[in-house]
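Asks: I'd like to ask some things about the structure below.
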2 protein chains.
Amino acid sequence: MTGPVAATRLDLAAYLPYRLSILSNTVSGAIAAIYETRHGLSVADWRLMAVLGMDPERSLTQKALCARTRMDKVQVSRAVKRLIDLGHIEREVDSADRRRAHLRLTGPGRAIYDDVAPATLEWERELLSRLTPAEAAILDTVIARLQEVTDEMAAGS
Amino acid sequence: MTGPVAATRLDLAAYLPYRLSILSNTVSGAIAAIYETRHGLSVADWRLMAVLGMDPERSLTQKALCARTRMDKVQVSRAVKRLIDLGHIEREVDSADRRRAHLRLTGPGRAIYDDVAPATLEWERELLSRLTPAEAAILDTVIARLQEVTDEMAAGS
DNA sequence: TTGTATTAGTTTCAAACGAAACTATTATGG
DNA sequence: CCATAATAGTTTCGTTTGAAACTAATACAA
């Protein structure tokens, strides 16, 4: 095996992007099972409800939801429609600019939020309990840094 | 706002599963652009080629590819078919057990591997260069631990 | 004032995906 | 020896997704 060729061999098991993907998918899958099983919600559905539930008295536009969740506007549009049809959120057209609408959780939507949010937070706590405080702190820093760097690299393209 | 209610509010921006998902998607998206642009390959396609390229002299079955990539067998099946149609991999039925086939990169497939693998490794190196060696080492440990724990929690369900 | 650019969100359509069922082959136990 | 179970992989079909185009509304410049 020549040096140069061996040096460029990619070992998936050690490759950070792959490991991040697998870890993220496993984690998300486990949590998605919670709200899918209990309330028939998709990942996109819950993600919007999670943002709207942060401050239930405050409404958000779809554009704002896109920004907060980093989801594509089409995906947000579809999830919003589903959640309205399910009666979990409601829409109020902005009289100052009829292109947009204000969205907020309904009473039933809030009940679902109050059921799911603690469960997903508990799941996170359980997971993080396996790390030392120092590890958790560094993980937090590293994720923030990698996100910033990757966003920069993506923006530079 | 009452204590208990406020305590269970979920802040997506601080929520580890969400942050992992966003980071992973951003990273994977950037890398996927490399092989999609250069060779028209999907994430699934490249993932299989990456595994087969690790040791080109050795063949693997679809079951083995599922294990190495943690991909669903249907997804592997579809990607294998596509890669065979593209001429990037070839299949040889196992004479001892005709249910399975041995898969390996073709010459052209290997050329693609030799083009993409270094580029994706370089991308990873560039990303990791923004971490200190200590941070990178802890990240490695933490990802492994979290994967193990999440797999356990998933298996316990 | 008006034509054009931009914005916010929706719809269309082809491709991809997920769950379930299926086929071909081999393993196993009575 | 043979019926059944299990395995490896494929196909079906309905749903979801992604890219592009579209609609309605507002902003802006001449």
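Asks: Determine the dipole magnitude for chain A: charges of +1 sit on the beta-carbon of Lys and Arg, -1 on that of Asp and Glu, nothing else is charged, the reference point is the Cα centre, and the result goes in debye to the nearest 20. Don't skip to the end; give the middle numbers.
Replies: Details: 21 positive and 21 negative charges, 107 e Å.
Dipole about the Cα centre, nearest 20: 520 debye.
Asks: Here's something else I'd like to know. Have a look at B:Leu105, B:Leu146, B:Leu128 and report the one farthest towards the positive end of the charge dipole of the stretch B:11-156, computed about the Cα centre with Cβ charges (Lys/Arg +1, Asp/Glu -1).
Replies: B:Leu105
Asks: Another question about this same structure. Which ³J(HN,Hα) values, rounded to whole Hz and listed in residue order, are derived for the stretch A:78-92 from phi using the Karplus coefficients 6.51, -1.76 and 1.60 in 6.51 cos²θ - 1.76 cosθ + 1.60 with θ = phi - 60°, glycine and proline given as x?
Replies: Values, residue by residue: 5, 5, 4, 4, 4, 5, 5, 4, 7, x, 8, 9, 9, 10, 10 Hz.
Asks: Can you check what the Kirkwood hydrodynamic radius comes to for the protein assembly as shown, Cα pairs only, in Å to one decimal?
Replies: Details: mean 1/r = 0.0460 Å⁻¹.
Evaluated on the protein assembly as shown, it is 21.7 Å.
Asks: Taking a label point 7 Å out from Cα toward Cβ, give me the nm distances from B:Ala134 to the same spot in the other copies, shortest first, one decimal.
Replies: 0.8
Asks: Taking the Cα centre of the protein assembly as shown as the origin, how large is its charge dipole in debye, to the nearest 20, when only Lys and Arg (+1) and Asp and Glu (-1) carry charge on their Cβ atoms? Provide the component values of the computation, followed by the final result.
Replies: On the way: 42 positive and 42 negative charges, 182 e Å.
With only Lys, Arg, Asp and Glu charged at Cβ, the dipole is about 880 debye.
Asks: Please list, or write none, the lysines whose alpha carbon is within less than 26 Å of the alpha carbon of B:Lys63, excluding same-chain residues fewer than 8 places away.
Replies: B:Lys73, B:Lys81
Asks: Here is a follow-up. Divide the volume of the convex hull of the Cα atoms of chain A by its number of residues and quote the answer in cubic angstrom per residue. Present the calculation step by step, with values, prior to reporting the outcome.
Replies: On the way: hull volume 28.1 nm³, N = 157.
Considering the Cα atoms of chain A, their hull volume per residue is 179 Å³.
Asks: Just to be sure I understand the model, the point goes 7 Å from the Cα along the line to the Cβ. What's the resulting A:Ala137 to B:Thr141 distance in nm?
Replies: 1.5 nm
Asks: At A:Asp72, label 7 Å along Cα→Cβ: distances to the other copies, nm, ascending?
Replies: 1.8
Asks: With unit charges on the beta carbon (Lys/Arg positive, Asp/Glu negative), name the residue among B:Gly53, B:Ala137, B:Leu20 whose Cα is farthest towards the positive pole of the charge dipole of the stretch B:11-156.
Replies: B:Gly53
Asks: Ok, one more. Can you list residues whose amide H is under 5 Å from B:Ala101's amide H, if they're 5+ apart or on another chain and H is modeled 1.01 Å from N?
Replies: Correct list: B:Gln62, B:Asp94.
Asks: Right, something else. Expressed in nm to one decimal, what extension gain is obtained for the pair B:Arg78 and B:Leu128 from 0.36 nm per residue of sequence separation less their Cα-Cα distance? Each step should come with its number before you reach the end.
Replies: Values: separation 50, 0.36 × 50 = 18.00 nm, distance 3.27 nm.
Once the chain is fully extended between B:Arg78 and B:Leu128, it gains 14.7 nm.
Asks: Another one. How far is B:Asp115 from the same spot in each other copy, in nm, shortest first, if each label point sits 7 Å from Cα toward Cβ?
Replies: Computed spacing set for this position: 5.2 nm.
Asks: Would you mind pulling out the separation of the Cα centroids of the stretch B:42-65 and the stretch B:120-140, in Å?
Replies: If you average the Cα positions of each part, the centres end up 24 Å apart.
Asks: Need one number: nm distance between label points at B:Arg99 and A:Ala111, each 7 Å from Cα along Cα→Cβ, rounded to one decimal.
Replies: Here the answer is 4.9 nm between the modelled labels.
Asks: Shifting gears a bit: With the contact rule set at Cα under 8 Å and sequence spacing of 6 or more, what percent relative contact order holds for chain A?
Replies: Working: 112 pairs, mean separation 28.5, N = 157.
Result for chain A is 18 percent.
Asks: Could you give me the percent of Cα pairs per 10 Å distance bin for the stretch A:49-101, shortest bin first, beginning at zero and ending with the bin that holds the maximum distance?
Replies: Result returned by the calculation: 23, 61, 16.
Read-outs throughout are calculated quantities, based only on the coordinates presented, and are distinct from any laboratory measurement. This one's a predicted model, so the numbers in the text were calculated from it and none came from an experiment. A quick note on method: Cβ atoms are made from the backbone with ideal geometry, for glycine too, and the neighbour counts reach across all protein chains shown.
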